[in-house]
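Worksheet: one structure, shown below.
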Amino acid sequence: MQKKICLLPGDGIGPEILAQGASVLAAVAQKFGHMFEFDEALIGGAAVDATGSPLPEETVEKCRKADAVFLAAVGGPQWDGLKPEQRPEKGLLGIRKALGLFANLRPALLLPELAGACLLRPDVAARGLDLIVVRELTGDIYFGEPRGIETRNGRRTGYNTMMYDEEEIRRIAKVAFETARQRRRKVCSVEKSNVLETSRLWKEVVLETHKDYADVELSHMYVDNAAMQLVRDPSQFDVILTGNIFGDILSDEASVLTGSLGMLPSASLGASGPGLFEPIHGSAPDIAGRDKANPLATILSGAMLLRLGFNLTEEAECIENAVRRALRDEFRTEDIMEPGMIKVGCEAMGRKVIERL
Ligand code: IPM
Ligand code: MG
């Protein structure tokens, strides 16, 4: 198979972890006889410094021409003071929108090898944690208009618009139901329909869409309750279907329960065109450039890229198994370090995975 992959290293630990992610993909290509051609482009603060924009037009073009986009992380304190349009995060939101990536898949899985790092009480953890958040990614209060800060009645007033149309809801609901069919066939739709009209429509359209997926069990939960249930008993969830802002919050919560943000990958997909694959953690500027970052979330995002982007299931499993073997052989980066384990840096961890492919 011949494929083009556009690398977006971004900021902070981004370049270090993406170097490992790309090396693993290159090693897999060699092992299975594929040709992966890598291109690289600027995004986030690095792009602001070089061009004045967090998402240069050239980057969008390179991504559009690729078969998949492999992104690390954006942001850092040195860009916090910039105008909203120039902030590194705008680069990330912009590329999602430009590529039409409306479906964000964020699996949270507690690996037995890392059970010791899990934040839950052992009896709760023993019930298991294997869920996926299906988050809508190009609508909601993130993009709704009008938005702004202005003076009303002599007071500075900030406002945003939470908004979904039925088609946006339907297409993400379908993704959730299809995803559930590959898993334990349970979808929990999370909203706030006791208060918000947007959520009332959300629930209505999810119910309508469910008619074509009678083999999948559907439940509904208010977002405040969902935040609580995630901690109380995450084993009750299989697929969590939710909007952009609720999904942003719940996916951080779900992922950190597993013990390390440094372990979790994600995929963002559109109706057609390249998908974007990235770790769910940020750019960790405090440890950037010191070979301390955990590259496993990025490496596992590479596995998602192969499975969901290129339909290469065996190759994806090869990466996932190699990661688990490296953990079983007791290699740990600092963020998941436990007594008695072997501490390694970012580059060494990448190498340990490659040796086990
Ligand atoms: C995420 C991040 C982004 C978001 C930020 C960096 C814009 O938190 O991918 O979850 O809010 O979507
Ligand atoms: Mg987030």
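The values are calculated or read from the model by the stated rules, or taken from the named source; none is laboratory data. Predicted model, so just to flag it, every value in this text is computed and none were measured. Quick reminder, even Gly has a Cβ in these numbers, built from the backbone with ideal geometry, and neighbours come from all protein chains shown.
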task = Look at the stretch 235-264 and say how many of its residues are more than 22 Å from residue 173 (Cβ to Cβ), away from ligand 1 (no atom under 12 Å from the Cβ) and surrounded by 18 or more Cβ atoms within 10 Å (Cβ to Cβ).
result = 6
inquiry  = Please pick out the residue among 317, 347, 330 that is surrounded by fewer than 23 Cβ atoms within 10 Å (Cβ to Cβ), more than 13 Å from the chain's Cα centre (by Cα), in the same structural domain as residue 60 (by TED's automatic domain parsing) and touching a residue at least 60 places away in the same chain (Cβ under 8 Å).
reply    = 347
Subset tally (residues that are hydrophobic (A, V, I, L, M, F, W, C) and surrounded by 20 or more Cβ atoms within 10 Å (Cβ to Cβ)) for the stretch 206-220 = 3
request  = Go through (1) surrounded by fewer than 18 Cβ atoms within 10 Å (Cβ to Cβ); (2) within 16 Å of ligand 1 (Cβ to nearest atom); (3) not small (Gly, Ala, Ser) one by one and return the number of the condition residue 74 breaks.
outcome  = (1)
inquiry  = Scan the stretch 225-248 and tell me whether some residue there is within 11 Å of the chain's Cα centre (by Cα) and within 13 Å of ligand 2 (Cβ to nearest atom).
reply    = yes
query = When the stretch 44-71 is examined, which residues are found to be away from ligand 2 (no atom under 16 Å from the Cβ) and surrounded by 21 or more Cβ atoms within 10 Å (Cβ to Cβ)?
reply = 45, 46, 47, 48, 54, 55, 59, 63, 66, 68, 69, 70
request  = Give me a count of the residues in the stretch 300-324 that are more than 23 Å from residue 270 (Cβ to Cβ) and out of contact with any helix residue (DSSP H, G or I) (no Cβ under 8 Å at 6 or more places or on another chain).
outcome  = 1
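Could you grab me the full set of residues in the stretch 64-89 that are within 17 Å of residue 14 (Cα to Cα) and touching a Cys at 6+ places or on another chain (Cβ under 6 Å)?
First, the residues of the stretch 64-89 that are within 17 Å of residue 14 (Cα to Cα): 69-79, 87-89.
Residue satisfying the conditions is 69 alone.
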